[in-house]
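Participant: The structure under discussion is supplied below as C-alpha cells; questions concerning it will follow.
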Amino acid sequence: MITNTMSKNGIKSATKAFEIIEQIAELDGATVTELATHVDLAKSTVHGYLVSMEEAGYLVKENGEYDLSLQFLEHGTYKRQQYMPSEVVRGPLKHLAESTAEIAWYSVAEHGLSVDIYKSEGEHAISVESWLGQPRPMHALASGKILLAHMPDERIDEIVQMHGLEARTPNTITTRERLDSELEKVRTEGVAFNDEEYRKRIRSVGVPVVYQGTVIGALTVSGPAKRIRGDTFTEELPDEILATANEIELRLQRFW
C-alpha cells in the first residue's frame with residue numbers, strides 16, 4: 001500500500017519495487033511494457049526490477065507476463081499466526097457463522113486500518129466485496145471502531161490525519177466529534193455497530209477480543225440489513241458474538 005504520506009527518508013528503489021508489486025496485483029499480471037507505463041519508468045529499468053524479484057522467488061513469469069508468487073502467501077500466513085493462531089480461532093469462528101447463518105470475521109489493526117485475517121461463512125452468508133487481507137477504513141466498520149476505541153488518543157489522531165474520515169455511505173461518520181462520541185459509546189457498552197456505514201444494506205456487529213488486558217482483535221458478524229435488524233442487531237447478535245469472543249480468549253490462555 002504505497003501512499004503519499006510515506007517517509008521522505010525511505011529508499012526510493014525499495015518504494016518503487018513495492019509500487020511495481022502492487023501494480024502487478026492490480027492488473028492481475030502484467031508485461032514489462034504495461035508496468036513501465038503504470039509506474040513511469042523505462043522498460044529496461046522495470047525489467048531489472050522484475051528479474052530480481054523473480055530470482056528471489058516473489059514473482060513468476062509465464063507467457064511474457066509477470067505475476068505474484070505464493071511466496072507472499074507464506075509470509076502472510078506466518079504473520080497471521082502471530083496475530084491469532086488458526087488453531088485457536090477457526091473452530092469458534094465456524095460455530096459463530098453456523099449459528100448466525102451469516103459471515104463471521106476476525107480482524108486486527110495494521111497501518112491504521114482494519115484488516116480481516118479470518119472469516120467463516122454461514123448458510124445464508126451473502127457475497128461481499130471484501131477479502132482476507134484487505135485493509136479497510138476503521139471509522140466505517142464495527143471492527144474498526146472496536147480497535148480504535150481501545151487505542152490511545154494520540155494514535156487515533158494519527159490515524160484520522162493519515163486516512164481521514166471519508167464518507168462511504170450517507171451513514172458514515174465523517175467528523176471527529178461524531179467519531180469521538182461513537183468510540184466513547186463503544187468503550188462503555190463493549191460492542192460496536194456498523195449501521196450501513198461502509199456499504200449500503202449491510203450491517204455488522206463487533207466486540208473486542210482481549211488477551212492479558214489488551215485488545216488484540218475484533219470479532220464481528222455481518223449480513224444484510226433486512227435480516228440484521230431490531231433486537232437481532234442490538235441484543236441477540238452482540239450477546240452471541242461476545243460469548244464466542246470469551247471462548248477465543250479462554251482458548252488463547254491455554255495456547256499461549
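All of the numbers you see were taken from the coordinates with simple rules; none came from a lab. The structure presented is a predicted model; accordingly, all values stated were derived computationally and were not measured. Cβ coordinates were reconstructed from backbone atoms using ideal geometry, including for glycine residues, and neighbour counts include every protein chain displayed.
Participant: Using 1/(1 + (r/R0)^6) with R0 = 41 angstrom and r between the beta carbons of F72 and A101, what's the FRET efficiency to the nearest 0.05? Write down the numbers at each step before the final one.
Facilitator: Working: r = 33 Å, r/R0 = 0.79.
Calculated transfer efficiency: 0.80.
Participant: Additional query: Given charges of +1 on the Cβ of Lys and Arg and -1 on the Cβ of Asp and Glu, with all other atoms neutral, how large is the dipole of the chain about its Cα centre, in debye to the nearest 20? Before the final figure, lay out the partial values.
Facilitator: Numbers: 27 positive and 40 negative charges, 30 e Å.
The dipole magnitude comes to about 140 debye.
Participant: Give me the distance in nm between label points sitting 7 Å out from Cα along the Cα-to-Cβ direction at S127 and N246, one decimal.
Facilitator: 3.8
Participant: Okay, moving on. Considering the dipole of the chain built from charges on the beta carbon (Lys and Arg +1, Asp and Glu -1) around the Cα centre, which of P152, A97, V46 is farthest to its positive end?
Facilitator: Projecting each Cα onto the dipole axis, the largest value belongs to P152.
Participant: Neighbour counts of other C-beta atoms within 10 Å: give me T214, T244 arranged from fewest to most. Can you show the working numbers first?
Facilitator: Details: T214 9, T244 24.
Exposure proxy ranking, most exposed first: T214, T244.
Participant: What is the gain in length, in nm to one decimal, between F18 and T232 on full extension, counting 0.36 nm per residue of separation less the C-alpha to C-alpha distance? Before the final figure, lay out the partial values.
Facilitator: Numbers: separation 214, 0.36 × 214 = 77.04 nm, distance 4.36 nm.
My answer for the length gained is 72.7 nm.
Participant: Can I ask one more? Using a Förster radius of 22 Å, what is the FRET efficiency between A167 and A225 based on their Cβ-Cβ separation? Nearest 0.05, please. All intermediate terms of the calculation are to be shown ahead of the outcome.
Facilitator: Working: r = 18 Å, r/R0 = 0.81.
About 0.75, to the nearest 0.05.
Participant: Where the only charges are on Cβ atoms (+1 Lys, Arg; -1 Asp, Glu), what is the dipole of the stretch 12-69 about its Cα centre, to the nearest 20 debye? Kindly include the intermediate steps, with their values, before the conclusion.
Facilitator: Values: 4 positive and 11 negative charges, 62 e Å.
Here the size comes out at about 300 debye.
Participant: Q161: net charge of surrounding residues, Cβ under 15 Å, Lys/Arg +1, Asp/Glu -1, itself excluded?
Facilitator: Numbers: positive: R155, R176; negative: D153, E154, D157, E158, E166, D180.
That sum, taken over residues with Cβ under 15 Å, equals -4.
Participant: Just want the ordering: S99, S130, from fewest to most Cβ atoms lying within 10 Å of their own Cβ.
Facilitator: On the way: S99 14, S130 17.
Taking fewest neighbouring Cβ atoms as first place, the list is S99, S130.
Participant: Next up: Could you work out how far helix 43-55 tilts from the main Cα principal axis of the chain, as a 0 to 90 degree angle to the nearest 10?
Facilitator: Helix 43-55 sits at roughly 60 degrees to that axis.
Participant: Shifting gears a bit: Which of the residue pairs K16/K61; K94/K200; K16/K119; K145/K185 have a Cα-Cα distance greater than 22 Å in the structure shown? Kindly include the intermediate steps, with their values, before the conclusion.
Facilitator: On the way: K16/K61 19 Å; K94/K200 26 Å; K16/K119 32 Å; K145/K185 10 Å.
Where the Cα-Cα span goes over 22 Å, the pairs concerned are K94/K200; K16/K119.
Participant: To the nearest 20 debye, what is the magnitude of the charge dipole of the stretch 159-239 about its Cα centre, counting +1 on the Cβ of each Lys and Arg and -1 on the Cβ of each Asp and Glu? Intermediate results must be reported in sequence, preceding the final value.
Facilitator: Details: 12 positive and 13 negative charges, 86 e Å.
That gives the stretch 159-239 a dipole magnitude of about 420 debye.
Participant: Continuing with the same structure: Which percent of Cα-Cα pairs in the stretch 12-69 sits in each 10 Å bin, short to long?
Facilitator: Histogramming the stretch 12-69 at 10 Å steps yields 26, 66, 8 percent.
Participant: By how many degrees, 0 to 90 and rounded to 10, does the Cα axis of helix 153-163 deviate from the longest principal axis of the chain?
Facilitator: The two axes meet at around 50 degrees.
Participant: Shifting gears a bit: With each run of n ≥ 4 DSSP H residues scored as -39500 (n - 2.57), what mean residue ellipticity at 222 nm is computed for the chain after dividing by its residue count and rounding to the nearest 500 deg cm²/dmol?
Facilitator: On the way: 9 runs with 117 residues, N = 256.
For the chain, the value works out to -14500 deg cm²/dmol.
Participant: Going by a ≥ b ≥ c, the root eigenvalues of the Cα gyration tensor, does the stretch 107-190 fall in the rounded group (a/c under 1.5), the prolate group (a/b larger than b/c) or the oblate group?
Facilitator: prolate
Participant: What FRET efficiency comes out for the pair E189/S86, r = Cβ-Cβ distance, R0 = 41 Å, nearest 0.05?
Facilitator: Efficiency, from the Cβ-Cβ distance: 0.90.
Participant: Right, another one. Starting from the Cα-Cα distance between K61 and R155, subtract it from 0.36 nm times their residue separation and give me the gain in nm to one decimal. Before the final figure, lay out each step's value.
Facilitator: Values: separation 94, 0.36 × 94 = 33.84 nm, distance 4.12 nm.
Taking K61 through R155 to full extension adds about 29.7 nm, to one decimal.
Participant: Taking neighbour Cβ counts within 10 Å as the exposure measure, how do M53, M84, M151, M162 sort from fewest upward?
Facilitator: Working: M53 20, M84 23, M151 17, M162 12.
Lowest to highest Cβ neighbour count: M162, M151, M53, M84.
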